[in-house]
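Below is one structure, written out as structure tokens, with a few remarks after it.
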Amino acid sequence: MTGKIEKFREVNFLNYTFFILFIFGLVTSTHLTLYWRVEQNANDWFFQLLLYASVIFHIYERRNNLAFVSQFPANFVGCCLIIIPYINANFSVQEISIFWYFLPLVSAIGLTLLASGFQGIKQFKRELAVIAIFPLIFVFVKLLGMLIRITVISAKLTSYLLWYLGFNSATQGSLVSVNNGVIDILSECTAIPLLIMLLKFSFVLAILFPSYLKNIYLPFILSVLISVILSVIRLVIIALVVTDKPAFNYWHGSQGGDIFALLSFLSFGAVILFLSPSQIPSSLTKAPPQKSQPVSWLIVLTGIGLIIILFNFCIHPSAGLSETSVYRFPSQIPLPGWQFMASEPLSLSSKQLAQENNRPLLNTDIETDKTKDILLGQIYHYQKAGQGLTANFYYVPSSLGDVKEYYQQFSYLPNLPKLINPVEKVNLKGDHLEFFDQQNRYLTACINSLGKSTVTISQFTAHFYRPYLNPSQWLNLLNGKQTFRDRRCIWGQLSLTKADTSDVELETAWQALLSYWQSNFPKLKL
């Protein structure tokens, strides 16, 4: 015990190497804290932790062969790359969402510049390669799954295994039917999630610890085999219990997914250990420690900044991330030519709330419409010459503007008509859909934060970056009053009785309401 205390006392806490490793630990803690709040996925969080632990262990093994040099302006650039993304984390997470997945790489490049300058980046090429590969694995596997139609292949393999086990099963596309039940296999039910997880571990082994492998291709082959086999077994279980709702929810939900994720990880690790070389050559360096560089003020500033950011994250649960802005629809919206009669807020019955909570999840690919909830809604009633006009407005805080999908996803809304043969039309401020039933004529569209009317994802996303090409808007972008990718939508629907009405009358009312929302769209930040 005394010897350990003496060794601890011998540690030079002003040593440049110690400070670099300390800052690495702060960056890791900060990112993992933010990662959990954004993703809330235990498996992904564990692999982020595994990534950082592998990198820091690999650097520690080579510490005596690394040249740590404090150089300006490299250390200043590194300090900025580390600190700035976490000052306004919401900017990285939501406004430039693709940047969120490469945030660890940005921080890692900042650390290498801080540690050894521009010329020293090549010392950390393996660590940087692994950190860069992690988000690319996700994109590559998702694209590959779409190209080879992984859902159809999984359905055929599931049906074959059911037949082999003695069950009478049939497939049609991604549908599998057995025992009077049918399951529709989505991308998240296939081998893709397990494959992404195991491939990440494979690249860590192949790049950072190749001495643990007899064959460098072995972990990648295992990743494919284990993910396919276990995913098909899980699908067989889901197909057999599809008529038993509690059992289906268990195996189809996060509990069943976590069990198979753990099984795949343990199977992968057991095979790797069993087939690893009997004698693993040590990679610990015998080189004497190099003379430490003096600690620069930028190193100290970076450390202090990260401590403040991490402390702020710990004491404020929502620090760094903006919560959904509070908004209340006005009780009255003026509509020229029409007399306002009344309005009432959106209210859901207990049965409708149950439908909302149990609605099926949408298939999510690389980027999908991430609409989860309608924050609130208001219904306005107008009258003119004995004719009634109803305007329904719903505030959707996160969307990609797919209006046709709204009629399926939010079918639990009261008095929501069926979308029958909609016709897309162009108006002065964008596009909208028109359709009708036996009693009413309808017009519907999504109104973005610019007051433009859109009905498709491409139309909605086309307006993401246009306002911010103007340098006068950049300050509002940085302080959170505007965003690069404002996904908020006011979903509007007008209904007018068919008798003695025309499309022009309905479209004129819509243009007047668009003008109102153009200047009264909910503010992003007060």
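The values are calculated or read from the model by the stated rules, or taken from the named source; none is laboratory data. For clarity, every value in this text was computed on a predicted model and none was experimentally measured. Reconstructed Cβ throughout: ideal geometry from the backbone, glycine too, with neighbour counts over all protein chains shown.
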Taking the condition under 24 Å from Asn41 (Cβ atoms) and in contact with a helix residue (DSSP H, G or I) (Cβ under 6 Å, 6 or more places away or on another chain), does Leu205 pass?
yes
Quick one: how many residues across the range 34-71 are surrounded by fewer than 16 Cβ atoms within 10 Å (Cβ to Cβ), in contact (Cβ under 8 Å) with a residue 24 or more places away in the chain, under 16 Å from Pro104 (Cα atoms) and aromatic (Phe, Trp, Tyr)?
0
Within the range 408-426, the residues that are within 17 Å of Thr454 (Cβ to Cβ) and in contact with a helix residue (DSSP H, G or I) (Cβ under 6 Å, 6 or more places away or on another chain) are Leu419
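Yes/no per residue for (1) over 22 Å from Met341 (Cα atoms); (2) of a type in the set (S, T, N, Q); (3) outside any helix (DSSP H, G or I):
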site	(1), (2), (3)
Gly377	no, no, yes
Tyr382	no, no, yes
Glu434	yes, no, yes
Gln438	yes, yes, yes
Cys446	yes, no, yes
Leu450	yes, no, yes
Residue under question is Gln387, and the condition is that it be under 23 Å from Gln511 (Cβ atoms) and either modelled with pLDDT of 80 or more or surrounded by fewer than 17 Cβ atoms within 10 Å (Cβ to Cβ) (or both); does it hold?
yes
Of all residues in the range 197-244, count the ones that are at pLDDT below 85 and within 17 Å of Asn179 (Cα to Cα).
3
Which residues, taken from the range 68-108, are of a type in the set (A, V, I, L, M, F, W, C), at pLDDT 70 or above and in contact with a Gly (Cβ under 6 Å, 6 or more places away or on another chain)?
Val69, Ala74, Leu81, Ile82, Ile83
Residues that are of a type outside the set (Val, Ile, Thr) and over 20 Å from Leu144 (Cα atoms), drawn from the range 221-234:
Arg234
Quick one: Ala239 ticks every box in (1) under 30 Å from Leu128 (Cα atoms); (2) crowded, with 18+ Cβ neighbours inside 10 Å; (3) not basic (Lys, Arg) bar one, so which box is it?
(1)
Looking at the range 237-248, is at least one residue at positive phi and touching a Ser or Thr at 6+ places or on another chain (Cβ under 8 Å)?
no
Kindly provide the set of residues from the range 11-58 that are touching a Ser or Thr at 6+ places or on another chain (Cβ under 8 Å), of a type in the set (Ser, Thr, Tyr) and modelled with pLDDT of 75 or more, ordered by number.
Tyr52
Could you please give the count of residues in the range 316-353 that are at pLDDT below 75 and not acidic (Asp, Glu)?
18
Regarding Asp402, is this residue under 24 Å from Phe329 (Cβ atoms) and at pLDDT 80 or above?
yes
Any residue in the range 421-436 that is at pLDDT below 80 and out of contact with any Leu (no Cβ under 9 Å at 6 or more places or on another chain)?
no
Pick from Gly145, Gly117: which is more than 21 Å from the chain's Cα centre (by Cα) and surrounded by 16 or more Cβ atoms within 10 Å (Cβ to Cβ)?
Gly117
